[in-house]
Amino acid sequence: MWWGVAAALMANVLYSTGFVLEKRALGSMPAISVREPARLLRLVLGNVQWIGGALALAAGFGAQLVVYRTLPIAAAQGIFVAGLVLLLLLSARLLGERTSGRERLAIGAVLGALVMVVLSLSHDTDTVGSEAPVPMILLVCAPTLAVGTWLYAVAERRARRRHRKPATGVDYGIALGLLYGVSSLAIKGLSGLLTGLLDRPGATLLGVLGSPYPYFLLFTGAFGLVMSQVALQRCRVSLVVPVCTTVSSVFSAVLGTFAFGEALPDDPVRLALRVAGTLLAVSVLLAMPKHDPPEPAGPPPSKTATKELTAREPR
């Protein structure tokens, strides 16, 4: 279990570093759009800093394989969300991003909710599931991908409206969180199938290809890559990523626990902590502001400046 905790902490460092590096790289690029995926890929693949961020994120996915083989999915998600603290520190230090008081309060409440989830875990009673019925995975994941893609399209339409309020990125974060929640379940299922890779490589490979997991990963990887880069360029990483991570974690912890047969706590106190923590995280997410406040207007011109301007006007 301790190997899983260490791998989860390493994944936090890799994810936070990767997102910040990609955000810095995107800040120096021309405006990108999901409507031009080929141009987007050409721009990002030509930037060394972005490639470094992408490699860090890929290594984070690799660390997740270790995590899901040694920790219950709810425990893993609790540790992943705790990594948001590191992301906020890096975004403030390296990107100069600042969050509002309401946003900091909301993020603090999310972290508190995930602490409740972690406290609900028990080393003696929690089990690590490795398999899930394929029909159940399809029933959970396929509609979620459709909803996530639709929500992102709605956010894009709103972004193209004239005279719109500046968006914080919450809508983008929710849509991406649903996609990455499916990705987390796919990684969880894939980690279980890879158990016999060394002993039976051929049979294991056939089992992987015959499952829905690699195809879900291809879909979420391709669409998530394009969609996340547009969201990161337009909005603050210190808000898009926490919202995305919260949605992904709650989705994975709730539905993953059910799909992979990982039992809920028998103790009433632990069960209450897990349910209350999940509900608190969702409630805070729904209450977060969807738009940035307007920029403060400049000071009104002084009387002297107004008189000078009037005197210069042609009569």
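Here, each number is a calculation from the coordinates, and none is a lab measurement. Keep in mind that what you see is a predicted model, and the values were worked out from it rather than measured. Because the Cβ atoms are built from the backbone with ideal geometry, glycine has one as well, and the counts that use them run over all protein chains shown.
Computed from the Cβ-Cβ distance with R0 of 22 Å, the FRET efficiency linking V134 to A203 stands at 0.80. Among I137, I51, I73, a tally of other beta-carbon atoms within 10 Å of each Cβ gives an order, fewest to most, of I51, I137, I73.
How much length is gained if the chain between L86 and Y215 is pulled fully straight, taking 0.36 nm per residue apart and subtracting their Cα-Cα distance, in nm to one decimal? Numbers along the way, then the final one.
Working: separation 129, 0.36 × 129 = 46.44 nm, distance 3.13 nm.
Extra length available between L86 and Y215 comes to 43.3 nm.
Label separation (L65 vs A142): 2.7 nm, computed from points 7 Å beyond Cα along the C-beta direction. The Rg/Rh ratio of the stretch 178-288, with both radii computed over alpha carbons and Rh defined as the Kirkwood radius, is 1.06.
For the pair L119 and A263, what calculated FRET efficiency results from E = 1/(1 + (r/R0)^6), where r is the Cβ-Cβ distance and R0 = 22 Å, to the nearest 0.05?
Working: r = 17 Å, r/R0 = 0.77.
Calculated transfer efficiency: 0.80.
Modelled spin-label separation between L271 and R35, with each label point placed 7 Å from Cα along the Cα-to-Cβ direction: 5.2 nm.
With a cap of 12 neighbouring Cβ atoms within 10 Å, and only residues DSSP puts in a loop, list the trypsin sites (Lys or Arg not before Pro) found in the stretch 1-77.
Numbers: sites: K23, R24, R35, R39, R42, R69; in loops: R35.
Those that pass, being in a loop and sparsely packed, are R35.
Its relative contact order, with pairs defined as Cα atoms under 8 Å and 6+ residues apart, puts the stretch 2-292 at 29 percent.
Cβ-to-Cβ counts within 10 Å put T245, T144 in ascending order as T144, T245, the fewest first. Sparsely packed loop sites in the stretch 132-161 (the trypsin sites (Lys or Arg not before Pro) outside DSSP H, G, I, E and B with at most 16 other Cβ atoms within 10 Å) comprise R160, R161. The phi-based Karplus calculation (6.51 cos²θ - 1.76 cosθ + 1.60; θ = phi - 60°) puts the 3J(HN,Hα) values of the stretch 176-193 at 5, x, 5, 4, 6, x, 4, 4, 5, 5, 5, 5, 4, x, 5, 5, x, 6 Hz, whole numbers, x for Gly and Pro.
Fewest neighbouring Cβ atoms within 10 Å first, the residues V81, V230 line up as V230, V81. Within the stretch 2-292, the percentage of alpha carbon pairs spaced more than 34 angstrom apart rounds to 17%. Is the stretch 35-112 best put as rounded, prolate or oblate by its Cα gyration tensor, with a ≥ b ≥ c the root eigenvalues, rounded for a/c under 1.5, and otherwise prolate when a/b is larger than b/c, oblate when not? Oblate is the answer for the stretch 35-112, as a/c is 1.5 or above yet b/c matches or exceeds a/b.
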